[in-house]
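Structure, as structure tokens:
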Amino acid sequence: MSELLEVRGLSVAYGAIEAVRDVSFTVHAGQIVSLIGSNGAGKTTILRTISGLLRPKAGEILFQGTPIHALPAHTVLGMGIAQCPEGRRLFARMTVEENLQLGAYVRRDDGIQADIDKVYDLFPVLGERRHNKAGLFSGGEQQMLAIGRALMCKPRLLMLDEPSMGLSPIMTQRIFDTVAELRDLGTTVLLVEQNALAALALSDQAYVIDLGRTTLHGTGHELLADSRVRAAYLGEEVA
Amino acid sequence: MAAYLEQLVNGLVLGSIIGLIALGYTMVYGVIQLINFAHGEVFMVGAYASLACYLWILPPDLAGTWYIALPAMILFGSLVAALLAIAMERFAYRPLRGAPRLAPLITALGVSVFLQEVVRLFFPDAKQAKPYPTPFIEGGITVHLGDGQFTIAYIRILLVVVAIGLAALLQLYISRSRMGRAMRAIANDPDTARLMGINPDRIIVWTFVIGAVLAGVAGVFYGGYQNTINTDMGFQNGIFAFTAAVLGGIGSIRGAVVGAMIIGVVKTIAGQLPFLGGTQYDYVWIFVVLIFMLVFRPQGFFGETERVRA
Ligand SMILES: Nc1ncnc2c1ncn2[C@@H]1O[C@H](COP(=O)(O)OP(=O)(O)OP(=O)(O)O)[C@@H](O)[C@H]1O
Ligand SMILES: [Mg+2]
């Protein structure tokens, strides 16, 4: 099993506020790895740092063995790390199709249109309304578009920041089914979720982030069975 | 009657110059919300560079042939303008990205003064009007109207066509091309644009370059139809162009052109009407129009819907 992404001793601060402290985790190729944790734990900060939007205060991030924590965001994407950011962040006044074309911005091959059509196959509602402005879609539809957009660069590693946020249970299930399909098709996924139950059930490996630190680590099923996880994130009484 | 029609045509000609400059203001503002007040000087430098090309680069026997001289001067003027814009973005504005808005504004003033002085190094008497050659086909079309008549020089017709054509091309470029999409993405949400793999520095420089090339083209036409240039031309026309961009809705390509045409026509028509004060007060009316616009529709004509920030 090869290590695709390795985060070692990562600390990130916003001015004096240290949001991430000495976090380490590993993402193996072909797996779904989740980071779970409560609000303000530092999950989004970790993903933004991996993408090159933030600079770490300490620690390193290796992608296929190469340090990437000092690289600009566009170079990181060019290496095959895509992020579907928290809150979707679509280009609201652009059409569905333009958003997908922007997802493929770094590509120069002639397979872009074919891949856009693949996204439409995956999410037919997007295809039917491809010339509508992205801002006019429902939350769930926007999430589909955000995922589709992140897939357009054919990433080796797809990072999803709370893809279930604001979605109905049915929609959440659809998104998670899609994530599992993507993994089966060979995309490695780093998933950040508040919805711990669904995320853990899907994950090969999972890490619990609490107050900026990694506190627990195991397979998805191990953590699902862990009493501390059940108490903290699944709302159960500690036995 | 013919006199007014002639002034209307003159207004559109002046509006075309202003419009070409205004496109640079509106593009840069649309992408990074920066008002590049030194942009007028890019226009001025473009004009002087094209003059330098005519005087010192073109062999005298070619300089008289308009279809060689004109493209050469436009090319050289735009090239110098573009290089200037690249340097300006890199050394004056980029270090200030993220700084409070006042900082780049003050920088722009500094850059303006600096550029005027640099031009004076090459053209020591540049405060005075400098004769500019007319590297264009002579003559024009004569319009008869009632008992009056007037002539529209070919250069003026060419200018209007070029200005509107370039604006249309630019609109198409922004709405259809990969680069245009990237510009709109940066305008919308710079961080997310970076997550798409867009290098903002490259897009921003390119935005400055496009504006500068258009300003360079404007510089050659301005010299060609005024027959003189001076180092104040950048400030004066820069203010008109900025006003045009605001009038049309800053960030909007169409708005810049429409705003510029309105300003050109208001200025020339007001200059023709004695009860508005004649040419001595023509500037006043431009700003009267601007004030009305700012009071009743502060976002300008196309401010809400059709901007680079689409
Ligand atoms: N731009 C910022 N400036 C200052 N502090 C910030 C900034 N962004 C986040 N923080 C702080 O950093 C900490 C971690 O935030 P982060 O967004 O990474 O958490 P998160 O785990 O993604 O939370 P959530 O599940 O609510 O999205 C929080 O305490 C937050 O207040
Ligand atoms: Mg978050």
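The values are calculated or read from the model by the stated rules, or taken from the named source; none is laboratory data. These numbers were taken from a predicted model, which means no experiment stands behind them. Heads up, the Cβs are rebuilt from the backbone with ideal geometry, glycines too, and the neighbour counts pull from every protein chain shown. Areas reflect the complete protein model, heavy atoms only, side chains present, ligands, DNA and RNA absent. Shrake-Rupley method; radii C 1.70, N 1.55, O 1.52, S 1.80 Å.
First select every other residue whose beta carbon is under 10 angstrom from the beta carbon of A:THR26; then total the charges, Lys and Arg +1, Asp and Glu -1.
Details: positive: A:ARG8; negative: A:GLU3, A:GLU6.
Its environment carries a net charge of -1.
Give me the net charge for the shell around B:PRO104: Cβ to Cβ below 12 angstrom, other residues only, Lys and Arg +1, Asp and Glu -1. All intermediate terms of the calculation are to be shown ahead of the outcome.
Values: positive: B:ARG94, B:ARG97, B:ARG101; negative: B:GLU89.
In short, +2.
Of the heavy-atom accessible surface of the protein assembly as shown (probe 1.4 angstrom), what whole percent is carbon and sulfur? Intermediate results must be reported in sequence, preceding the final value.
Numbers: 14140 of 23340 Å².
Here carbon and sulfur together make up 61 percent of the probe-accessible area.
Report the one residue of A:ALA196, A:THR219, A:ALA114 whose Cα lies farthest in the direction of the positive end of the charge dipole of the range A:90-239 (charges on C-beta: Lys and Arg +1, Asp and Glu -1; origin at the Cα centre).
Positive-most Cα among the choices belongs to A:ALA114.
Which aspartates and glutamates does B:LYS130 reach when only Cα atoms under 17 Å apart count, and residues fewer than 8 places away in its own chain are ignored?
Answer for B:LYS130, where 17 Å is the Cα cut-off: B:GLU41, B:GLU117, B:ASP232, listed by chain and number.
Taking all protein chains together and a probe of 1.4 Å, list B:THR228, A:THR172 from the most accessible to the least accessible.
Details: B:THR228 55, A:THR172 15 Å².
Result of the area sort, largest leading: B:THR228, A:THR172.
Got a sec? Charge dipole of the protein assembly as shown, +1 on Cβ for Lys and Arg, -1 for Asp and Glu; which of A:TYR14, A:ILE46, B:ILE21 is way out at the positive end?
Among A:TYR14, A:ILE46, B:ILE21, the one farthest towards the positive end of the dipole of the protein assembly as shown is B:ILE21.
Applying 1/(1 + (r/R0)^6) with R0 = 41 Å to the Cβ-Cβ distance of A:ALA225 and A:ALA114, what FRET efficiency is obtained, to the nearest 0.05?
On the way: r = 43 Å, r/R0 = 1.05.
Efficiency, from the Cβ-Cβ distance: 0.45.
Suppose each label sits 7 Å from its Cα in the direction of the beta carbon; what would the B:LEU5-A:LEU211 distance come out to in nanometres?
8.4
Efficiency by 1/(1 + (r/R0)^6): what FRET value for A:GLN64 and B:ASP201, r their Cβ-Cβ distance, R0 = 22 Å, to the nearest 0.05?
Numbers: r = 26 Å, r/R0 = 1.18.
Between A:GLN64 and B:ASP201 the formula returns 0.25.
Where in chain B lies the longest segment free of GluC sites (Glu not before Pro) that are both loop residues by DSSP (not H, G, I, E, B) and have at most 15 other Cβ atoms within 10 Å? Please list the in-between numbers first.
Details: sites that count: B:GLU138, B:GLU304.
With a cap of 15 other Cβ atoms within 10 Å, the longest stretch comes to B:139-303.
Heavy atoms only, probe 1.4 angstrom, no DNA, RNA or ligands counted: give me B:ARG156, B:ARG176, B:ARG181 ranked by accessible area, highest first. It would help to have the intermediate numbers written out before the result.
Details: B:ARG156 55, B:ARG176 170, B:ARG181 30 Å².
Heavy-atom accessible area, descending, gives B:ARG176, B:ARG156, B:ARG181.
Calculated from DSSP H runs of 4 or more alone, at -39500 (n - 2.57) each and per residue, what is the 222 nm mean residue ellipticity of the protein assembly as shown, nearest 500?
Values: 22 runs with 297 residues, N = 549.
When only DSSP H runs of four or more count, the value is -17500 deg cm²/dmol.
Estimate the FRET efficiency between A:SER38 and B:ALA87 by the formula 1/(1 + (r/R0)^6), using the beta-carbon distance for r and 41 Å for R0, to the nearest 0.05. Present the calculation step by step, with values, prior to reporting the outcome.
Details: r = 50 Å, r/R0 = 1.21.
Here the calculated transfer efficiency is 0.25.
Per residue, what accessible area does chain B have, given a 1.4 Å probe and all protein chains present, in Å²? Could you put the intermediate results ahead of the total?
On the way: 13340 Å² over 310 residues.
So chain B comes to 43 Å² accessible per residue, rounded to a whole number.
For the residue pair B:ALA99 and A:SER24, what label-to-label distance in nm results when each label sits 7 Å from Cα along the Cα-to-beta-carbon direction?
4.2
If the cut-off is a Cα-Cα distance under 16 Å, which lysines reach A:LYS154, setting aside same-chain residues fewer than 8 apart in sequence?
Output for A:LYS154: A:LYS118.
Pull up the cross-link candidates among the aspartates and glutamates for B:LYS267, meaning alpha carbon to alpha carbon under 17 Å and not fewer than 8 places away within one chain.
B:GLU6, B:ASP282
Report the full-extension gain for the segment B:ARG178 to B:THR228: residue separation times 0.36 nm, less the Cα-Cα distance, to one decimal in nm. Mind dumping the intermediate values first?
Details: separation 50, 0.36 × 50 = 18.00 nm, distance 3.98 nm.
This chain segment gains 14.0 nm when fully extended.
Using heavy-atom solvent-accessible surface (probe 1.4 Å) with all chains present, what is the largest-first order of B:ILE137, B:ILE32?
Numbers: B:ILE137 80, B:ILE32 45 Å².
Of B:ILE137, B:ILE32, the descending order of accessible area is B:ILE137, B:ILE32.
At most 11 other Cβ atoms within 10 Å plus a DSSP loop assignment makes a site exposed; report the longest stretch of chain A without any exposed GluC sites (Glu not before Pro). Intermediate results must be reported in sequence, preceding the final value.
Working: sites that count: A:GLU236, A:GLU237.
By the stated rule (loop sites, at most 11 other Cβ atoms within 10 Å), A:1-235.
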